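These notes concern the structure reproduced below.
The values are calculated or read from the model by the stated rules, or taken from the named source; none is laboratory data. Source: prediction; values computed, not measured. Cβ sites come from the backbone with ideal geometry, for glycine too, and all protein chains shown count toward neighbours.
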Amino acid sequence: MPIRIGFVGTGGIAQAHFDALSQIEEAQPIAFCDLDAERAQRAAQRFGGRAYTNWREMLDSETLEALYICVPPHGHDGAEEAAAERGIHLFVEKPVARTLEQAKRIEAAIQRAGILSMVGYHFRYYGAIERAKQRLQGLPVLMVKGAWDGGMPGVPWWRKHELSGGQLVEQTTHIFDLARYLVSEIVEVFAYSLNNPNLLHHPDGDVNVSDVVCLKFANGAVGVITDTNGLHAPGEVGLKVYTPERIVEVSWGRMVESEPNRKEEFFSRDNPYLRESQAFLEAIRTGDRSLIRADYSEGVKTLAVTLAADESNRSHQPIRVVD
């Protein structure tokens, strides 16, 4: 049976989901909402659906089983709660909100409705990450190193801290989420940052250029995650986990495992966007929640870590992560 799908937001990340859903037989995208009417219309023409510029009108006019929310951090304005009240299952792109208070409200609405939810932490659906999780199972972790070091995204809202939260909240969230997924909950953070508008190359920008975040994990491990948006050269994205006899490093679809006298490199040629949507739609079809590796509550937990790091940047103090 087809699963009727709507979209709120049809910009950059939505395109990855469009490509994935076009490969899933039971997926039926039928409604597309965006503040940019032309962009919504292009999406509607691709799938033979209808375009909207107001999500309330879309939800009132369409019968949907699932809704993909693909808006910037500051763009969450009630669509999740309204969809939950209607019993529509939710796929929400990361980060799930700009503030923890807003995320908690949405989480409560999802829990009241009993609907399924998924957050777009697509790294969890790489085969290489699955393998890394298996190889780390049960091992004591000594230390963790992670990074999202790259350049400045081109969209104007991204370089405004009030709107995006900066690199920590908007992109490096993937690395914090991987650390939680592969190691343990993060319970405390202490961050340093470089904020230099001259290095942003955008006079209207006010986000940090670089961040360094020290981590304390619930299982006793310690770690550090770095990020920058100031590079004009190839950067680094990934996570490295150290155990006494095994080091596991992951990046995109690659895993490197190092032990005494042995080193193995593993590549997964899968499409994590496709795999996460397959899992989401199969969970809707069967009711099997175990297929969802990052539900909305997982997204709230990762958001809490990044917002704590952002607070530490401002206060210059270690911050306990809100439970």
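Applying a threshold of 6 Å to beta carbon distances and a minimum spacing of six or more residues, or different chains, the list of pairs starting in the range 50-63 at a residue that is under 12 Å from residue 30 (Cβ atoms) and ending at one that is surrounded by fewer than 22 Cβ atoms within 10 Å (Cβ to Cβ) reads 50/44; 51/41; 51/44. Among the residues of the range 283-323, those that are touching a Ser or Thr at 6+ places or on another chain (Cβ under 7 Å) and within 30 Å of residue 2 (Cβ to Cβ) comprise 295, 296.
Could you identify the single residue in 131, 112 that is over 21 Å from residue 299 (Cα atoms), among the basic types (Lys, Arg) and surrounded by fewer than 19 Cβ atoms within 10 Å (Cβ to Cβ)? Let's see the steps before the verdict.
Values: 112 fails: over 21 Å from residue 299 (Cα atoms).
Within the list 131, 112, the selection yields 131.
Scanning the range 246-268 turns up one or more residues that are in the same structural domain as residue 175 (by TED's automatic domain parsing), free of Cβ contacts under 8 Å to residues at least 12 places away in the same chain, touching an Asp or Glu at 6+ places or on another chain (Cβ under 6 Å) and among the aliphatic types (A, V, I, L, M).
Residue 175 passes every criterion in (1) buried (at least 22 other Cβ atoms within 10 Å of the Cβ); (2) not in a helix (DSSP H, G or I) apart from (2). Cβ-Cβ contacts under 9 Å between residues 6 or more apart (or on different chains), taken from a first residue in the range 194-205 that is farther than 20 Å from residue 314 by Cβ to a second residue that is of a type in the set (A, V, I, L, M, F, W, C) and surrounded by 13 or more Cβ atoms within 10 Å (Cβ to Cβ), are listed as 201/152; 202/152. In summary, residue 79 fulfils each of the numbered conditions (1) within 27 Å of residue 177 (Cα to Cα); (2) touching a Phe, Trp or Tyr at 6+ places or on another chain (Cβ under 6 Å); (3) surrounded by fewer than 24 Cβ atoms within 10 Å (Cβ to Cβ) with the single exception of condition (3).
Restricting to the range 64-81, count the residues that are assigned to a loop (DSSP other than H, G, I, E, B) and free of Cβ contacts under 8 Å to residues at least 40 places away in the same chain. Of the residues in that region, 3 qualify.
Filtering the range 67-112 to residues that are among the charged types (D, E, K, R) and within 20 Å of residue 16 (Cα to Cα) leaves 93, 94.
Anything in the range 293-306 that is under 20 Å from residue 64 (Cα atoms) and not in a helix (DSSP H, G or I)? List them, or say none. Steps first, please.
We begin by selecting, within the range 293-306, every residue under 20 Å from residue 64 (Cα atoms); these are 295-296.
Correct list: 295 only.
Being in contact with a Lys or Arg (Cβ under 6 Å, 6 or more places away or on another chain) and in contact (Cβ under 8 Å) with a residue 60 or more places away in the chain holds for only one residue in 128, 132, 147, 97, and it is 128. In the condition set (1) touching a Phe, Trp or Tyr at 6+ places or on another chain (Cβ under 8 Å); (2) surrounded by fewer than 19 Cβ atoms within 10 Å (Cβ to Cβ), residue 91 is compliant with all but (2). When the range 244-268 is filtered for residues that are loosely packed, with under 15 Cβ neighbours inside 10 Å, of a type in the set (S, T, N, Q) and closer than 14 Å to residue 178 by Cα, nothing remains.
Which ones in the range 181-209 are aliphatic (A, V, I, L, M) and not in a strand (DSSP E or B)?
182, 183, 199, 200, 207, 209
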